[in-house]
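Asker: Mind having a look at this structure? Questions to follow.
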Amino acid sequence: EPEPEFDALVQAAALICDVPISLISLIDADRQWFKANIGLPGVTETPRELAFCAHAILEDGILEVPDAALDPRFCDNGLVTSAPGIRFYAGASLRLSDGTHAGTLCVIDRRPRRLDAKQREVLGYLAIAAVRALEGCRALMAERELLEIASRAAAVMHSSVDAIVTVALDGTITHWNAAAQRLFGYTPAEMLGQHRSVLVPAHVPDELGDLEARLRVSMTGFNFETVRLHQDGSAIAVSISIAPICSVS
């Protein structure tokens, strides 16, 4: 969907380069589509084989085509021979931080011409701003996806009929679901921040020992039968499954 920061960039590019058309084009396997568009109302995409931008993304700087009608790469292109009648094109590649050439910020005219040095310089700076905006969009999308995954995981843990307890490597309890409360009698408020040993009877050896060392040996987890304590002090026979939760920082 159109977004003000991208629209402002193409408006600035059209103004500084004195052209009727400016686009932020993003390229995928089959097409170019316009994230921002001034001068081509109602047009949202074109086939990739027609896209000047498919050539521009191969450049590290700015691809400038002074007269497309005289350029063998573009003279037979339908965008040149018919509407919108492109004669001049200049596109700055949008290279993301991971090295991906995602598309271009380009300016287009219906007459042959060239950019001057200042126009080329400003177009390059506007392309850098477009890259920063794209990176910001991608980061926001990734954050939303992670939040959705976390929300689904939290719903599964909360509604599970199995007691699910997450424990830090130092033994501190960090999550306690409703089924754990039903099994052991403790509320989450009573257990969060407690050490897991509060559930282990005094006569039962610590089966987990060095939890971090055990998980290094078996990252898929392990199972065992044992006894744990209810809040009222009674012993409960339980089957415990241990599995790691890995985070990336």
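The values are calculated or read from the model by the stated rules, or taken from the named source; none is laboratory data. Note that this is a predicted model, so its numbers are computed, not measured. Neighbour counts are summed over all protein chains in view; Cβ atoms, including those assigned to glycine, are modelled from backbone coordinates with ideal geometry. Accessible surface areas use protein heavy atoms only, side chains included; no ligands, DNA or RNA. Shrake-Rupley method; radii C 1.70, N 1.55, O 1.52, S 1.80 Å.
Asker: Give the span of the range 23-62's Cα atoms along each principal axis, as three whole-Å numbers ordered largest to smallest.
Answerer: The Cα atoms of the range 23-62 stretch 29, 21, 13 Å along their principal axes.
Asker: How tilted is helix 4-17 with respect to the longest principal axis of the chain? Cα atoms for both, answer in degrees (0 to 90, nearest 10).
Answerer: 20 degrees
Asker: Where the centre of each part is set by its Cα atoms, how far does the range 15-48 sit from the range 119-177, in angstrom?
Answerer: Going from one Cα centre to the other spans 30 Å.
Asker: I would also like to ask the following. Expressed as a whole percentage, what fraction of the accessible surface of the chain belongs to carbon and sulfur atoms when a 1.4 Å probe is rolled over the protein heavy atoms?
Answerer: In the chain, the share of accessible area belonging to carbon and sulfur is 57 percent.
Asker: While we're on this one: Per-residue counts of other Cβ atoms within 10 Å, averaged by peptide: what ranking do you get for 13-22, 154-163, 167-176, highest first?
Answerer: Going by the mean number of other Cβ atoms within 10 Å, highest first, we get 13-22, 167-176, 154-163.
Asker: What are the extents of the Cα atoms of the chain along their three principal axes, in Å, largest first?
Answerer: The principal-axis extents, from largest down, are 89, 32, 31 Å.
Asker: Here is a follow-up. Among GLU143, GLU207, GLU64, which one shows the biggest mean-square fluctuation in a GNM of the chain, springs joining Cα atoms closer than 10 Å?
Answerer: GLU207
Asker: Using a 7 Å offset from the Cα along the Cα-to-Cβ direction at both ALA139 and PHE224, what is the distance between the two label points in nm, to one decimal?
Answerer: Distance between label points: 4.4 nm.
Asker: If you fit an axis through the alpha-carbon atoms of helix 117-159 and take the longest principal axis of the Cα set of the chain, what angle between them do you get, 0 to 90°, nearest 10?
Answerer: 30 degrees
Asker: Okay, next question. Below 8 Å between Cα atoms, with a sequence gap of 6+, how large is the relative contact order for the range 137-249 in percent?
Answerer: Numbers: 128 pairs, mean separation 18.9, N = 113.
It comes to 17 percent, rounded to a whole number.
Asker: Just LEU215, LEU40, LEU96 to compare: in a GNM of the chain, with alpha carbon springs under 10 Å, which one fluctuates most?
Answerer: Highest fluctuation of the listed residues: LEU215.
Asker: Just want to confirm a number: the relative contact order over the chain, from Cα pairs under 8 angstrom separated by 6+ residues, in percent.
Answerer: 12 percent
Asker: Let me have the 222 nm mean residue ellipticity of the chain computed from DSSP H runs of 4+ only, each contributing -39500 (n - 2.57), with the sum over all residues rounded to the nearest 500.
Answerer: Here the helix-only value at 222 nm equals -10500 deg cm²/dmol.
Asker: Show me the ranking of peptides 145-151, 67-73 by mean Cβ neighbours inside 10 Å, starting with the highest.
Answerer: Packing proxy ranking, top to bottom: 67-73, 145-151.
Asker: Also, quick follow-up: Might you tell me the accessible area per residue for the chain, computed with a 1.4 Å probe and given in Å²?
Answerer: 57 Å²
Asker: Under the rule a/c < 1.5 gives rounded, and otherwise a/b versus b/c splits prolate from oblate, where does the range 1-70 land using the Cα gyration tensor? Numbers along the way, then the final one.
Answerer: Details: a/c = 1.57, a/b = 1.13, b/c = 1.39.
Oblate is the answer for the range 1-70, as a/c is 1.5 or above yet b/c matches or exceeds a/b.
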